[in-house]
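**Q** Here you go, one structure.
The values are calculated or read from the model by the stated rules, or taken from the named source; none is laboratory data. Nothing here was measured: the structure is a model prediction, and the numbers come from that model. Don't worry about glycine lacking a Cβ; one is built from the backbone with ideal geometry, like all the others, and counts go over all protein chains shown.
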Amino acid sequence: MNLTPEQKTVGRRNFLKALVGTPALVALGTNAATRQPPSGGPVKAALIGTGDQGRLLLGQCRKEFIDLRALCDINPNRLDRATSVLVKNGWAKPRHYENWKEMLKKEDLEAVLIATPLWMHSEIAVGCLEAGKHVLCEKMMAWDVAAAQRMLAAAEKNRRVLEIGYQRFYNPMYQAAYENIILPGLLGEVHFARLVWHRNGSWRRTEDPPPHFDPKPWGYADWDHLLNWRMYRQYSGGLLAELGSHQLAVANWFFNSQPSSVYATGGIYQYKDGREVNDHVYATYTYPQGRTAIFTSIQSNKFDHYSEQFMGTKGTLILRGEAEAFLFNEDDSRSTSVEVSKQTSKPVMDASESLKADAAGHPGAAATAEKVDRAAAYGLEIAGFCSAIRSGAPLRCGPQRAFNAASACILANESAAKKMVLAIAS
Amino acid sequence: MRTFNRRQFLSFAPAAQRALSGYWVHVAREAMACRFEVTLPATEPRGIAAASFALDEVDLLEAQLTVYRDDSEVSEINRNAAEGPVEVERGLFELLSLSKQLHRETDGAFDITAGPLIRCWGFFSRQGRVPDSAELESARRRVGMSQLWLDAARRSVRFAKPGVEINLGSIGKGFALDRAAARLGEHGLRTALLSGGRSSVVALGGDQGGWLVGVRHPHQPGCRLATIRLKNAAMATSGAGEQYFVAGGRRYGHILDPRSGVPAHGVAGATVVASSGAVADALATAFFVGGADLAERYCRNHHQVLALLVPEDPTDQPQVFGSHRGAAIEAISIDELKTRVSLIP
């Protein structure tokens, strides 16, 4: 969704207007549980999988909530890089492990964060849950439905917290939109959600392997299979799993429902480089009560960026790039934006002479700094997970919603392969 | 879509309010070619609603005061007031009267009739150029508060001759913030920081002595000249570091001295704290034009005005004049040396 500056202005204004008069701006902060460190002290934890996503999580860990003691990865270079993230943030150097089972045996842990390639999620998560650890596992939940079911069952059997990394559920902007726009019904009757994640790039990583590194014992045919695991069906669910499941989880959340069927198409149209997952994906999800969500993810054009859009009889809500919210009322052109920042001892704003408009006549940037941003949602997610462990505070996403999103995305891939409409079991 | 009734919805509130402590909410809208923002404690349950109403006020005032729309009340005055008296809305009449008073008090350094000069220097269309002497003379003949006749009894305005025009660009934002702040007050809000384009600020209430606001150094972008704590006070900053053009090797800033008709020089930045946004805005412009002499004289003769001037010559020190009960300069940067100066009596 590419909005003109004028449309953005209108949309922001309306987003705010929609929030007007609603006393429960829950959203604009976070769950109280994620703001105060839980009693019982930080949760003793380790991270398995120290790639890009793992490092992103490490960068958002707060010591009041979590005591990170160990990192585990089969790639020693990634372990070193992740360690430097922690050390840079003032953490003690964590212990390193190559094998997660060995780590569980040797370390005194209460919880494990998992950010490995998708195909390993279930095996590791179930192993950790069986060992009595709480688990925060990156999305998508698991490679197939049976594996996701095993995770649900293991969490229940062992009475452990299992949260899946759908950080939008912890993002104040999404909370604001849900609590103050969706719940009160300000969009009217919503029959259509458009889920868009468009990029123009190969999605392919380039990186040298560590010296004398052999990924075969870990199940990867060669270095490229490990590095670019997202490209290969054996490990990955492709764009639907990596991108679509985030957005479908939001559609399910806002629709308070889950799709009953899916029809998907797609193919490898742009990057015929040996990859096995589609680089263009189009999935139509049918929900009960006449609702539809259409997810499109293309890798040949980035004009639309990424957003979730909800079209109702009274208005359109657009959540763009996990950072901006816009509301367009059907019969009103006004709009306002709302943002949140933390109170600090620094000045609330910096005054200066009037800043000149840019070449297009748009005003200078905001005077205030440090708005709650996209990355902060990961920190709130980890804090929420730790609070759930300590105090039983409810999870914002939780494994059942994650399961629903995963099973719908897994079936969408199947639908594209079989060229059939598939029913999704509720 | 599942819809909750109001009672169910309200049941979310208490936990929500706890969750919100420690956060500010920034409610913003684009108006007057800049960003208007209201910052509130996130715990204020009616805060966003009130801020939205306050910003509605800014929208209304822009529609009334702008010279960039033909259908504004000010455009109508500019079109018709040379022909005969034009009756104006009460608030606008008060603003015109205040402008006339401030013009007198600043020895003409603040002047809302500088519109013809702004046009002939190309700043109206944001394409600066040096006018020839005939153009400049022609514009100057149409500038001056003596060209503006106000009739309080009939609440009307009349121009002395055709070609006169008013431009409220140097007072409008502060005025709009004053009115927006009043709307917040009507909604029961006692703590908020309102700003328009960074340059105009109105502080309502504020814990721990008030709202801490930084002032950027006009010579060193990215550095703070000072931090000031504001409580129930307004602050405005004028400068020409951002809006200027260069011609024939000379730099021409966008703030014109209405008395000479040429861009003001000598001051790099003027920040003024006063009791209203409109006055702070006007005085910041006036002191930028009139320099330290005017600022010193004005602050000596008027209580509750604080001015912070940075001379154009980077080797000269910033100067502080006067004081305001709602403003404390907490830190000021002089030659990299940060000294703590409290100007609250």
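**Q** Quick check on this structure: which one of A:ASP214, A:ASP144 is farther than 28 Å from A:SER300 by Cβ and without any contact (Cβ under 8 Å) to a residue 60 or more places away in the chain?
**A** Numbers: A:ASP144 fails: without any contact (Cβ under 8 Å) to a residue 60 or more places away in the chain.
A:ASP214 is the lone residue from the list that is farther than 28 Å from A:SER300 by Cβ and without any contact (Cβ under 8 Å) to a residue 60 or more places away in the chain.
**Q** Further, regarding this structure: Go through (1) assigned to a helix (DSSP H, G or I); (2) buried (at least 19 other Cβ atoms within 10 Å of the Cβ) one by one and return the number of the condition A:PRO217 breaks.
**A** Here A:PRO217 meets the rest and fails (2).
**Q** Suppose we keep only residues that are more than 27 Å from A:ALA153 (Cβ to Cβ), of a type in the set (A, V, I, L, M) and in contact with a Lys or Arg (Cβ under 8 Å, 6 or more places away or on another chain) within the range A:85-134. Which one would you say is surrounded by the fewest Cβ atoms within 10 Å (Cβ to Cβ)?
**A** A:VAL87
**Q** Now, a different point. So, in the range B:191-201, exactly how many residues are on the phi < 0 side of the Ramachandran plot and outside any strand (DSSP E or B)?
**A** Going through the range B:191-201, the residues on the phi < 0 side of the Ramachandran plot turn out to be B:191-196, B:199-201.
Keeping just the survivors that are outside any strand (DSSP E or B) gives B:191, B:199.
Total meeting the criteria: 2.
**Q** Next question. Return the residue satisfying two criteria in turn: it lies in the range B:230-272 and is among the charged types (D, E, K, R) and out of contact with any Leu (no Cβ under 7 Å at 6 or more places or on another chain), and of such residues it is surrounded by the fewest Cβ atoms within 10 Å (Cβ to Cβ).
**A** Applying the first criterion (among the charged types (D, E, K, R)) to the range B:230-272 yields B:231, B:242, B:250-251, B:257, B:259.
Going one step further and asking which of them are out of contact with any Leu (no Cβ under 7 Å at 6 or more places or on another chain), we end up with B:231, B:250-251, B:257, B:259.
Details: B:LYS231: 20, B:ARG250: 9, B:ARG251: 11, B:ASP257: 20, B:ARG259: 17.
My answer is B:ARG250.
**Q** Next question, about the same structure. Out of the residues in the range B:49-81 that are more than 13 Å from chain A (Cβ to nearest Cβ) and of a type in the set (S, T, N, Q), state the one that is surrounded by the fewest Cβ atoms within 10 Å (Cβ to Cβ).
**A** Among residues in the range B:49-81 that are more than 13 Å from chain A (Cβ to nearest Cβ) and of a type in the set (S, T, N, Q), the one surrounded by the fewest Cβ atoms within 10 Å (Cβ to Cβ) is B:ASN80.
**Q** Right, something else. Name the one entry in B:GLY144, B:GLY84 that is more than 17 Å from the chain's Cα centre (by Cα), small (Gly, Ala, Ser), surrounded by fewer than 18 Cβ atoms within 10 Å (Cβ to Cβ) and modelled with pLDDT under 95.
**A** Selected residue: B:GLY144, the only one of B:GLY144, B:GLY84 that is more than 17 Å from the chain's Cα centre (by Cα), small (Gly, Ala, Ser), surrounded by fewer than 18 Cβ atoms within 10 Å (Cβ to Cβ) and modelled with pLDDT under 95.
**Q** So which residues in the range B:176-193 are within 14 Å of chain A (Cβ to nearest Cβ) and of a type in the set (A, V, I, L, M)? Give the steps one after another, and end with the answer.
**A** Narrowing the range B:176-193 to residues within 14 Å of chain A (Cβ to nearest Cβ): B:176-177, B:180, B:183-184, B:187-189, B:191-193.
Answer for the range B:176-193, where residues must be within 14 Å of chain A (Cβ to nearest Cβ) and of a type in the set (A, V, I, L, M): B:ALA176, B:LEU177, B:ALA180, B:LEU184, B:LEU189, B:ALA192, B:LEU193.
**Q** Which condition from (1) more than 14 Å from chain A (Cβ to nearest Cβ); (2) buried (at least 16 other Cβ atoms within 10 Å of the Cβ); (3) in contact with a Gly (Cβ under 9 Å, 6 or more places away or on another chain); (4) in contact (Cβ under 8 Å) with a residue 12 or more places away in the chain is the one that B:LEU92 breaks?
**A** Every listed condition holds for B:LEU92 apart from (3).
**Q** Something else about it: Considering A:LEU152, A:LEU195, A:LEU186, which residue is of a type in the set (A, V, I, L, M) and part of a strand (DSSP E or B)? Walk me through it before giving the result.
**A** Details: A:LEU152 fails: part of a strand (DSSP E or B); A:LEU186 fails: part of a strand (DSSP E or B).
When all the criteria are applied, what remains is A:LEU195.
**Q** Does B:ALA280 qualify as being under 23 Å from B:PRO116 (Cβ atoms), buried (at least 24 other Cβ atoms within 10 Å of the Cβ) and within 11 Å of another protein chain (Cβ to nearest Cβ)? Explain how you work it out, then say what you get.
**A** Details: under 23 Å from B:PRO116 (Cβ atoms): no; buried (at least 24 other Cβ atoms within 10 Å of the Cβ): yes; within 11 Å of another protein chain (Cβ to nearest Cβ): yes.
So B:ALA280 fails the test.
**Q** State which residue is farthest from the chain's Cα centre (by Cα) when the search covers only the range A:74-126 and only residues that are more than 21 Å from A:ARG230 (Cα to Cα) and hydroxyl-bearing (Ser, Thr, Tyr).
**A** So the residue we want is A:TYR97.
**Q** Related question: Any chance the range A:205-213 includes a residue that's within 30 Å of B:GLY22 (Cα to Cα) and touching a helix residue (DSSP H, G or I) at 6+ places or on another chain (Cβ under 9 Å)?
**A** First, the residues of the range A:205-213 that are within 30 Å of B:GLY22 (Cα to Cα): none.
No, every residue in the range A:205-213 fails to be within 30 Å of B:GLY22 (Cα to Cα) and touching a helix residue (DSSP H, G or I) at 6+ places or on another chain (Cβ under 9 Å).
**Q** Among the residues of the range B:202-235, which ones are within 8 Å of chain A (Cβ to nearest Cβ) and either within 19 Å of B:GLY322 (Cα to Cα) or in a strand (DSSP E or B) (or both)? Outline the logic, then answer.
**A** Keep residues of the range B:202-235 that are within 8 Å of chain A (Cβ to nearest Cβ), which gives B:211-216, B:218, B:224, B:227, B:235.
Residues satisfying the conditions are B:TRP211, B:LEU212, B:VAL213, B:GLY214, B:VAL215, B:ARG216, B:ARG224, B:THR227, B:MET235.
**Q** Across the range A:258-274, what is the number of residues that are surrounded by 15 or more Cβ atoms within 10 Å (Cβ to Cβ) and in a strand (DSSP E or B)?
**A** Looking only at that region, the number is 5.
**Q** Mind listing whichever residues of the range B:239-254 are among the small types (Gly, Ala, Ser) and either assigned to a strand (DSSP E or B) or within 26 Å of B:ALA280 (Cβ to Cβ) (or both)? Explain how you work it out, then say what you get.
**A** As a first pass, look at the range B:239-254 and keep what is among the small types (Gly, Ala, Ser): B:239-241, B:247-249, B:253.
Listed by number, the residues that qualify are B:GLY239, B:ALA240, B:GLY241, B:ALA247, B:GLY253.
**Q** Moving on. Quick check on this structure: which one of A:VAL277, A:VAL281 is among the hydrophobic types (A, V, I, L, M, F, W, C) and part of a loop (DSSP other than H, G, I, E, B)?
**A** A:VAL277
**Q** Quick check on this structure: which one of B:CYS299, B:CYS223 is out of contact with any Leu (no Cβ under 8 Å at 6 or more places or on another chain), within 28 Å of B:LEU193 (Cβ to Cβ) and surrounded by fewer than 24 Cβ atoms within 10 Å (Cβ to Cβ)? It would help to see each step written out before you state the result.
**A** Working: B:CYS299 fails: out of contact with any Leu (no Cβ under 8 Å at 6 or more places or on another chain).
It is B:CYS223.
**Q** For the range B:195-210, name all the residues that are under 10 Å from A:VAL348 (Cβ atoms) and crowded, with 24+ Cβ neighbours inside 10 Å.
**A** B:SER195, B:VAL201, B:ALA203
**Q** Considering A:TRP223, A:TRP229, which residue is under 21 Å from A:ASP80 (Cα atoms) and either of a type in the set (Lys, Arg) or surrounded by fewer than 18 Cβ atoms within 10 Å (Cβ to Cβ) (or both)?
**A** Details: A:TRP229 fails: either of a type in the set (Lys, Arg) or surrounded by fewer than 18 Cβ atoms within 10 Å (Cβ to Cβ) (or both).
Answer to the selection: A:TRP223.
**Q** Let me ask another. Determine if the range B:100-112 includes at least one residue that is under 24 Å from B:VAL201 (Cα atoms), crowded, with 21+ Cβ neighbours inside 10 Å and either modelled with pLDDT under 90 or acidic (Asp, Glu) (or both).
**A** The answer is yes, given that some residue of the range B:100-112 is under 24 Å from B:VAL201 (Cα atoms), crowded, with 21+ Cβ neighbours inside 10 Å and either modelled with pLDDT under 90 or acidic (Asp, Glu) (or both).
**Q** A further question follows. Would it be correct to say that A:ALA249 is in contact (Cβ under 8 Å) with a residue 60 or more places away in the chain, surrounded by 15 or more Cβ atoms within 10 Å (Cβ to Cβ) and touching a strand residue (DSSP E or B) at 6+ places or on another chain (Cβ under 8 Å)? Show your work before the answer.
**A** On the way: in contact (Cβ under 8 Å) with a residue 60 or more places away in the chain: yes; surrounded by 15 or more Cβ atoms within 10 Å (Cβ to Cβ): yes; touching a strand residue (DSSP E or B) at 6+ places or on another chain (Cβ under 8 Å): no.
It is false that A:ALA249 is in contact (Cβ under 8 Å) with a residue 60 or more places away in the chain, surrounded by 15 or more Cβ atoms within 10 Å (Cβ to Cβ) and touching a strand residue (DSSP E or B) at 6+ places or on another chain (Cβ under 8 Å).
**Q** Out of the residues in the range A:157-183 that are part of a loop (DSSP other than H, G, I, E, B) and in contact (Cβ under 8 Å) with a residue 60 or more places away in the chain, which is farthest from A:GLY244 (Cα to Cα)? Please lay out each step first, then the result.
**A** Step one: list which residues in the range A:157-183 are part of a loop (DSSP other than H, G, I, E, B), which gives A:159-161, A:166, A:171, A:183.
Now restrict to residues that are in contact (Cβ under 8 Å) with a residue 60 or more places away in the chain: A:161, A:166, A:171.
Numbers: A:VAL161: 24, A:TYR166: 11, A:ASN171: 17 Å.
Of everything passing the filter in the range A:157-183, A:VAL161 is farthest from A:GLY244 (Cα to Cα).
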